[in-house]
1. Can you name the residue in the stretch 301-318 that is over 27 Å from residue 385 (Cβ atoms) and assigned to a loop (DSSP other than H, G, I, E, B) and is also nearest to the ligand (Cβ to nearest atom) among such residues?
2. Of all residues in the stretch 396-453 being of a type in the set (Lys, Arg) and in contact with an Asp or Glu (Cβ under 9 Å, 6 or more places away or on another chain), which is farthest from the ligand (Cβ to nearest atom)?
3. So which pairs qualify, if the first residue must be in the stretch 454-482 and surrounded by fewer than 16 Cβ atoms within 10 Å (Cβ to Cβ), the second must be polar (S, T, N, Q), the Cβ gap must be under 8 Å, and the two must be at least 6 apart or on different chains?
4. From (1) of a type in the set (Gly, Ala, Ser); (2) without any contact (Cβ under 8 Å) to a residue 60 or more places away in the chain; (3) under 30 Å from residue 272 (Cα atoms), pick out the condition that doesn't hold for residue 390.
5. Collect the residues in the stretch 326-374 that are under 21 Å from residue 222 (Cβ atoms), within 13 Å of the ligand (Cβ to nearest atom) and touching a His at 6+ places or on another chain (Cβ under 9 Å), keeping them in residue-number order.
6. Go through the stretch 265-287 and report how many residues are within 9 Å of the ligand (Cβ to nearest atom) and either at positive phi or aliphatic (A, V, I, L, M) (or both).
7. Run down 389, 382 and say which single residue is more than 16 Å from the ligand (Cβ to nearest atom), crowded, with 18+ Cβ neighbours inside 10 Å and either closer than 21 Å to residue 57 by Cα or modelled with pLDDT under 95 (or both).
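The values are calculated or read from the model by the stated rules, or taken from the named source; none is laboratory data. None of the values given here were measured: they were computed from a predicted structure. As a convention, Cβ positions derive from the backbone with ideal geometry for all residues, glycine included, and neighbour counts pool all protein chains shown.
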Amino acid sequence: MAQKSNPTRSLSRRTFIAGTAAAATAGGVAGWVGGQALEKRHRAPAGPFFGQRSHCHWIESAGIEDTPPLASLQGDQTADIAIVGGGYTGLSAALHLAERFPERRIVLLEGTRVGYGASGRNCGLLLPFINGAESIAHELVDAGRIDEARKVFDATSAGIGLIQELAEQRGIDCEFEPVENLMGAVTAQHEGLLERQQSLFAALGLEATWLSETELRQRVAVEGYRGALTVPTSAMINPAKLATGLLALVRAAGVEVHEDSPALEIEPGTTVRVRTPRGTVRAPVLVLATNAYTHHLGFMRNQVLPIHSHSIATAPLSESQIEALSWSGREPFFDVRSFFNLFRLTADNRVLLSGGDGFYYYGGAAIDREGHPDYERLTRELGQLLPALADVPITHRWVGHVGTTLDFAPTIGAVGPTDNILFAGGYSGHGVTVAVLAGRLLRDLVAGEPLDPAYDFVLDRKPPRAPGEPLTSVGFSLAKRLIRWDDAR
Ligand SMILES: Cc1cc2nc3c(=O)[nH]c(=O)nc-3n(C[C@H](O)[C@H](O)[C@H](O)COP(=O)(O)OP(=O)(O)OC[C@H]3O[C@@H](n4cnc5c(N)ncnc54)[C@H](O)[C@@H]3O)c2cc1C
């Protein structure tokens, strides 16, 4: 495995001891690197990126809009740790930090409502590995270093166990359902990829079964696939209920949470200043948990891109409709294409279909268009994939923003001119477990504690940069064509 130098060693010597004098020592170069002035203030443009026009089943089922928002930030305040962003990354960081440092004042600012980002709108599948870890495990297995490969698997899949613990021991009712996922193959090339995946799981001592087309159709009557691999150690949840459940734990742990409090400007320094419409927070440590929206604040520009992904949900199916689909095991299904289809049952037996395409808009704008043509495509494809559902009404349509890096691997570590602004994101569509895990890793970084070397490959890395506009939008359209061609092979 390619090992980078462990950045936590240097980080732990620096600013990550919130609320202590050590915070003051690291920022001597604030604003200057290599003699060049850095942008001192990071401002978010005014814009509609916090709007929620589309109608998301999960947000509705979690009742987020049935309660008034938490009070917004007012006046000038100080904190030991400030967190911007109320998705899984921010909430998990808040929870882990509050439990590790009960004496510290932690303030979390969410621009709209907690769970309005990807965390409340995703498909709720919990999958093993962090993006990028699988190829490391393959290399180790190919080199006969099975124990090390297993360690990578365990460390990078630990988010599943964390969520299971939150559900079963910490009382979060997120409809946690341990299930085998089914990963489908459309072409012979995909079958080859899944065969390699199966041998990786086997080498790690995990059972993954190849299902022929007939066997697959006995699990779920889906059309258009040559077969599927069962994915072990996976589960599904109601994603918005995980967010609201985390919010309750975070508040019970003493974190002050403000909704309707978008960070409009971040001023780096040994004390970071975050400005919102009605108040400011100053803190020696800031956790930037804004993922796909981070570029609006001037960080991770061209490195984490907001890719829009649409989803639809049907009215609840009757028992006989589920029987007609032979879907008694309720297994979620997705395929191995880059623009993959993903469908699953919800707790109240709706079918959710998501993906199949992705959209990037000029400058990384966040766009939520009620009549987006992708909803029609999804509706059509639902009838083709599961013909038994051709006439079932569609009740919900929504869009979510996937924070994506160009190499699909996430990044966790310090960003900005000083080392006291921490970021985790760019999970590239695989972030439910990873974001919850990232919250724990962010806590360890703040505490200056060493991290498991299995996480070296995401720590403090610099994801490849998109070229900037107009080339990023043009490049994205071209890349989409290439991806479609590759997906069809
Ligand atoms: C359609 C879709 C399906 C997906 N399916 C899956 C799946 O099945 N399995 C899986 O593992 N992953 C999936 N993902 C990815 C997963 O949802 C994300 O990786 C994860 O939720 C990221 O959490 P986060 O907290 O980092 O980001 P978010 O949940 O996006 O949270 C960021 C928060 O920051 C807030 N914010 C932004 N800017 C500001 C600001 N200036 N001031 C204050 N607050 C701000 C936002 O309002 C938001 O609440 C999917 C994503 C999408 C969109």
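1. 304
2. Only one residue fits best here, namely 443.
3. 462/303; 462/411; 464/303; 464/405; 465/302; 465/303; 467/302; 468/302
4. (3)
5. Residues satisfying the conditions are 346, 352, 354, 355, 356, 357, 374.
6. Total satisfying the criteria: 2.
7. Of 389, 382, the one residue that is more than 16 Å from the ligand (Cβ to nearest atom), crowded, with 18+ Cβ neighbours inside 10 Å and either closer than 21 Å to residue 57 by Cα or modelled with pLDDT under 95 (or both) is 389.
To keep it simple, each residue is scored yes or no on (1) touching a Leu at 6+ places or on another chain (Cβ under 8 Å); (2) of a type in the set (Ser, Thr, Tyr); (3) at pLDDT 95 or above.
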{"residue": "200", "(1), (2), (3)": "no, no, yes"}
{"residue": "209", "(1), (2), (3)": "yes, yes, yes"}
{"residue": "216", "(1), (2), (3)": "yes, no, yes"}
{"residue": "220", "(1), (2), (3)": "yes, no, yes"}
{"residue": "223", "(1), (2), (3)": "yes, no, yes"}
{"residue": "226", "(1), (2), (3)": "no, no, yes"}
{"residue": "233", "(1), (2), (3)": "yes, yes, no"}
